[in-house]
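Visitor: Quick one: the structure is below, and I'll ask about it shortly.
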Amino acid sequence: MNSRERVLGRVRRALADVTPDERPYEEAVARDYLRAHGERTAEETVELLAENLADYRAIVHRAGAGELPALVMRLLAAHGSREVLVPPGLPAGWLDGAAPVRIHDRAELTAARLDRVDSVVTGCAVAVAETGTLVLDGSPDQGRRRISLIPDHHICVVRVPDQVVSSVPQALERLDPTRPLTWISGPSATSDIELDRVEGVHGPRTLEVILFG
């Protein structure tokens, strides 16, 4: 008996007393959990998102329709960005002015080249208020997964209130599970056994979120 057969044998023995259920998975699994914790207005949901984003050490900004380009340029300037990475479908009006140099994402850009870019600006697919989470799904205004993970500074624009939901179950209803989903809860960070926090380990060290609308 090889290792594979031994493992499968253990699985079969563990499942021996499980009653077969011929129902489809979506019917067999109970869906009686809470879809959201409490009822909120759209404005209250956005406020909760802002609070939880800040709790995760993301930097939260707000902008109206005519304020977004100037705000993005101010954030890039404050970060000292010389190059900004731009996904292929980023709305043209989100960036204004000549500086910094715009690097348009292409398949041939290597990880080493992306690591030399100072900042990236993206949209998002949905934002979850209860968890302070941003979800990117690779749409044209978000680009490939790697462009939001390699640069040290990420500016993410969330359209409010349209892209904001209260809970993870509500977010999942909006997302396509076949797309490359990236779930972001604050800047990348980890802690060792002594709880010394280190940021920028496997993603941006600085996450700035603009609530746009």
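The values are calculated or read from the model by the stated rules, or taken from the named source; none is laboratory data. Bear in mind that the values here come from a model prediction, so they are computed numbers and not experimental data. Glycine gets a Cβ as well: all are built from the backbone with ideal geometry, and neighbour counts include every protein chain shown. Ligands, DNA and RNA are excluded from the accessible area calculation, which covers all protein heavy atoms including side chains. Shrake-Rupley method; radii C 1.70, N 1.55, O 1.52, S 1.80 Å.
Visitor: Accessible area per residue for segment 146-199 in Å², computed with a 1.4 Å probe and the full protein assembly in place, what is it?
Guide: Accessible surface, normalised per residue, equals 52 Å².
Visitor: Just to confirm a number: summing +1 for Lys and Arg and -1 for Asp and Glu over residues other than residue 4 whose beta-carbon lies under 14 angstrom from that of residue 4, what do you get?
Guide: Net local charge, residue 4 excluded: +2.
Visitor: So for segment 1-118, averaging the separation of alpha carbon pairs under 8 Å that are six or more residues apart and normalising by length, what relative contact order in percent results?
Guide: So the answer I get is 18 percent.
Visitor: Modelled label-to-label distance, residue 82 and residue 102, 7 Å Cα→beta-carbon offset: nm?
Guide: 2.1
Visitor: Report, to the nearest 10°, how far helix 68-79 tilts away from the longest principal axis of the Cα atoms in the chain, using its own Cα long axis and a range of 0 to 90°.
Guide: 90
Visitor: Hey, got the dipole for the chain? About the Cα centre, +1 on K and R Cβ, -1 on D and E Cβ, debye to the nearest 20?
Guide: 820
Visitor: As I understand it, the value is the acute angle between the Cα axis of helix 42-55 and the longest principal axis of the Cα atoms of the chain; what does it come to in degrees, rounded to 10?
Guide: Once rounded, one gets 90 degrees.
Visitor: In addition: Report the local net charge at residue 105: Lys and Arg +1, Asp and Glu -1, summed over other residues whose C-beta lies under 13 Å from its C-beta.
Guide: In short, +3.
Visitor: Give me the 1.4 Å probe accessible area per residue for segment 1-129, excluding ligands and nucleic acids, in Å².
Guide: Using a 1.4 Å probe on heavy atoms only, each residue of segment 1-129 averages 66 Å².
Visitor: Next up: With contacts defined as alpha carbon pairs under 8 Å and 6 or more residues apart, what's the relative contact order of the chain in percent?
Guide: After rounding, I find 24 percent.
Visitor: While we're looking at this one, here's another question. Dipole magnitude of segment 1-98 about its Cα centre, charges +1 at Lys/Arg Cβ and -1 at Asp/Glu Cβ only, in debye to the nearest 20?
Guide: 680
Visitor: Taking all protein chains as present, what is the carbon and sulfur share of the accessible area of segment 1-139, in % to the nearest whole number, probe 1.4 Å?
Guide: Carbon and sulfur together cover 52 percent of it.
Visitor: Something else: To the nearest Å, what is the center-to-center distance of segment 146-197 and segment 67-145, using C-alpha atoms only?
Guide: For segment 146-197 versus segment 67-145, the Cα centre distance is 14 Å.
Visitor: Net charge near residue 74: determine it from the other residues with C-beta under 15 Å of the C-beta of residue 74, scoring Lys and Arg +1 and Asp and Glu -1.
Guide: -3
Visitor: Moving to a separate point now. Based on the Cβ-Cβ distance of residue 1 and residue 175, what FRET efficiency does E = 1/(1 + (r/R0)^6) give at R0 = 45 Å, to the nearest 0.05?
Guide: Step by step, r from the Cβ atoms, then E = 0.60.
Visitor: Dipole of segment 132-173, Cα-centred, from +1 at each Lys and Arg C-beta and -1 at each Asp and Glu C-beta, to the nearest 20 debye?
Guide: Dipole of segment 132-173, to the nearest 20 debye: 160 debye.
Visitor: Still on this structure: Compute the acute angle (0 to 90°) between the alpha-carbon long axis of helix 3-14 and the principal axis of greatest extent of the alpha-carbon atoms of the chain; round to the nearest 10°.
Guide: That helix lies at roughly 70 degrees to the long axis.
Visitor: Follow-up question, since we're still on this one. Return the long-range amide H neighbours of residue 123 (sequence gap of 5 or more, or a different chain), with a cut-off of under 5 Å between placed amide H atoms.
Guide: So residue 123 has HN proximity to 142, 157.
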